[in-house]
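Just below is one structure, and these are the notes that go with it.
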Amino acid sequence: MKKLVVTLLVLGIAGLARAPRRFRVVALLASAAAIVFSLGPETAVYRFLHEHVVLVRGVRALSRFSLIPVLALSVLAALALARRGRLSVVALLAFAVESALVPIRYAPAPPPSPAAEFLRGRSGAVAYLPLGERDTEVMLAGVAHFRPMLNGDSGFMPRPYSRAMEVLQPPLGEEGLRYLRAVGVTDVVSRADEPLPPVAAFGEERVYAVPE
């Protein structure tokens, strides 16, 4: 989206001159409000709304509100190009050049760790402790063993997962062990000492068994 800023911004500003007054007011006010809201807790406005408006607490991925100014600029750019065929063709070419993503560069995935290879073929679910610390790496490691995992989250973290993080905070206690047994975890991978029977060690990572 950064590559679209120059052309879109220029056409959007030009569109302000041609847009009806109500369009300009809505575009400017909505864009300003969206930018402030997208900053989240960095602003006093959001902190006030979060404390006093219940629905605001359920909103996730606040940065996506920054799309509203982009949408407003798109409408204004369309008004600037209305009935201007040649200019529209030039703008289309400029958009095509700015939005080109060739070649697409992907970051290489890390190779499976020895611990992940060891977990292949064993029964039960796996938990990498502490939860949430390196979930992306852990989920990629799951390709090596294809076993159910307790780890995994995205921009939205459901309450059961955050509760699991609380229960499994180090040092691992009896409540945490009961939780692991309840959800079917039989192997725990950790880089710290855990009060569990060790079954394998691979550098910093150690694999522990969850006793019945």
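Taking residues in region 71-89 that are of a type in the set (S, T, N, Q), and partners anywhere that are surrounded by 14 or more Cβ atoms within 10 Å (Cβ to Cβ) and in a helix (DSSP H, G or I), the pairs with Cβ atoms closer than 6 Å and at least 6 places apart or on different chains are Ser88/Leu81. Beta carbons closer than 6 Å, at least 6 apart along the sequence or on distinct chains, pair a first residue in region 141-169 that is in a loop (DSSP other than H, G, I, E, B) with a second that is open to solvent by 30 Å² or more (accessible area, probe 1.4 Å) for Gly152/Met139; Gly155/Arg60; Gly155/Ala61; Phe156/Arg60. The number of residues in region 37-53 that are farther than 27 Å from Glu98 by Cα and open to solvent by 40 Å² or more (accessible area, probe 1.4 Å) comes to 11. Scanning region 83-104 for residues that are over 14 Å from Leu11 (Cα atoms) and hydrophobic (A, V, I, L, M, F, W, C) yields Ala96, Val97, Ala100, Leu101, Val102, Ile104. Against the list (1) under 29 Å from Pro108 (Cα atoms); (2) open to solvent by less than 50 Å² (accessible area, probe 1.4 Å); (3) small (Gly, Ala, Ser); (4) over 26 Å from the mean Cα position of the chain (by Cα), the condition Gly132 fails is (4). Among residues belonging to region 136-176 that are loosely packed, with under 14 Cβ neighbours inside 10 Å and among the basic types (Lys, Arg), point out the one that is farthest from the chain's Cα centre (by Cα). Restricting to residues being loosely packed, with under 14 Cβ neighbours inside 10 Å and among the basic types (Lys, Arg), the top hit is Arg163.
Taken as a whole, the condition of being free of Cβ contacts under 8 Å to residues at least 60 places away in the same chain, exposed (fewer than 10 other Cβ atoms within 10 Å of the Cβ), part of a helix (DSSP H, G or I) and out of contact with any Lys or Arg (no Cβ under 6 Å at 6 or more places or on another chain) does not apply to Arg105.
Residues in region 1-23 that are surrounded by 13 or more Cβ atoms within 10 Å (Cβ to Cβ), in contact with a helix residue (DSSP H, G or I) (Cβ under 7 Å, 6 or more places away or on another chain) and either of a type in the set (A, V, I, L, M) or without any contact (Cβ under 8 Å) to a residue 12 or more places away in the chain (or both): Leu4, Leu8, Leu9, Leu11, Ala14, Leu16, Ala19.
The values are calculated or read from the model by the stated rules, or taken from the named source; none is laboratory data. Just so it is clear, the model here is predicted, and its values are computed rather than measured. Heads up, the Cβs are rebuilt from the backbone with ideal geometry, glycines too, and the neighbour counts pull from every protein chain shown. Surface areas here come from the heavy atoms of the whole protein model, side chains and all, with no ligands, DNA or RNA. Shrake-Rupley method; radii C 1.70, N 1.55, O 1.52, S 1.80 Å.
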